[in-house]
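**Student:** Pasting in a structure now, in structure tokens, and then I'll have a few things to ask.
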Amino acid sequence: EGLFVAVMRSVRENCAAELAALGRELPVPETPFDRITYQEAVARFGEDYDDPLSSSLSAPAWLIDFPRAVREFYDREDPARPGVLLDMDLIYPEGYGEALSGGEREHTLPHILRRLKQDGIPPERFSAYLRFVEEGLPASAGFGIGIERLTRYICNLNHIKEARLFPKVPGAADAL
């Protein structure tokens, strides 16, 4: 949250002329951001909650408490709440969609093997990864943020292709 707010504040302070040219009054959100559980999002908007959830927001919000069934085997379950992952997505407001996705990663071999079995995934498909885990994998967490998505949000662009120098458009010939 602090990083996101700092970026928005910095862009407003250092790019005022560019924002004005784009007609963008970039909001700097207040913290803490709201938290919405996966179950709340699905109950309110259905399984395809992404667009309607984002469109309903006036400020960024965290989507939390994903069930194990909707994410990957390497996402870590909350030890206090089996079946609930220690994952999160940050959702942009105004219909801009997902800003980032992340969480804690499972780092113990028995838990990873159990998850592979539960998901019906043959461990052989991940033999190199499992050998690495056997050597000792430290606890870790992180997130990935799409720079084009961030640019689209900041600049109030209609489509993500407007935020890319060489956009990939399905069915269009390559520009290069």
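**Student:** In region 68-113, which residues are under 19 Å from residue 30 (Cα atoms), out of contact with any strand residue (DSSP E or B) (no Cβ under 6 Å at 6 or more places or on another chain) and either aromatic (Phe, Trp, Tyr) or assigned to a helix (DSSP H, G or I) (or both)?
**Tutor:** Selection gives 96 alone.
**Student:** Further question: Might you check whether a residue that is within 19 Å of residue 62 (Cα to Cα), more than 13 Å from the chain's Cα centre (by Cα) and surrounded by 13 or more Cβ atoms within 10 Å (Cβ to Cβ) occurs anywhere in region 153-169?
**Tutor:** Yes: one or more hits.
**Student:** When region 118-176 is examined, which residues are found to be among the acidic types (Asp, Glu), part of a helix (DSSP H, G or I) and without any contact (Cβ under 8 Å) to a residue 12 or more places away in the chain?
**Tutor:** 124, 162
**Student:** State all residues of region 1-32 that are more than 19 Å from the chain's Cα centre (by Cα) and small (Gly, Ala, Ser); if no residue qualifies, say none.
**Tutor:** Those that are more than 19 Å from the chain's Cα centre (by Cα) and small (Gly, Ala, Ser): 10, 16, 17, 20, 21, 23.
**Student:** Regarding residue 54, is this residue of a type in the set (Ser, Thr, Tyr), more than 17 Å from residue 118 (Cα to Cα), out of contact with any Gly (no Cβ under 6 Å at 6 or more places or on another chain) and in contact (Cβ under 8 Å) with a residue 24 or more places away in the chain?
**Tutor:** It is false that residue 54 is of a type in the set (Ser, Thr, Tyr), more than 17 Å from residue 118 (Cα to Cα), out of contact with any Gly (no Cβ under 6 Å at 6 or more places or on another chain) and in contact (Cβ under 8 Å) with a residue 24 or more places away in the chain.
**Student:** Out of (1) closer than 28 Å to residue 33 by Cβ; (2) surrounded by 15 or more Cβ atoms within 10 Å (Cβ to Cβ); (3) modelled with pLDDT of 95 or more; (4) of a type outside the set (Lys, Arg), the odd one out for residue 112 is which?
**Tutor:** (1)
**Student:** Sticking with this structure for a sec: Is it true that residue 90 is touching a helix residue (DSSP H, G or I) at 6+ places or on another chain (Cβ under 8 Å), closer than 28 Å to residue 152 by Cβ and at pLDDT 95 or above?
**Tutor:** yes
**Student:** Among the candidates 97, 46, 103, 120, which residue alone is more than 19 Å from the chain's Cα centre (by Cα) and on the phi > 0 side of the Ramachandran plot?
**Tutor:** That would be 120, the only listed residue that is more than 19 Å from the chain's Cα centre (by Cα) and on the phi > 0 side of the Ramachandran plot.
**Student:** Looking at this structure, is residue 43 loosely packed, with under 12 Cβ neighbours inside 10 Å, out of contact with any strand residue (DSSP E or B) (no Cβ under 6 Å at 6 or more places or on another chain) and at pLDDT below 95?
**Tutor:** no
**Student:** Evaluate the following for residue 8: is it among the aliphatic types (A, V, I, L, M) and in contact with a Pro (Cβ under 8 Å, 6 or more places away or on another chain)?
**Tutor:** Yes, satisfied.
The values are calculated or read from the model by the stated rules, or taken from the named source; none is laboratory data. Quick caveat, the model's predicted, so the values are computed rather than measured. Glycine gets a Cβ as well: all are built from the backbone with ideal geometry, and neighbour counts include every protein chain shown.
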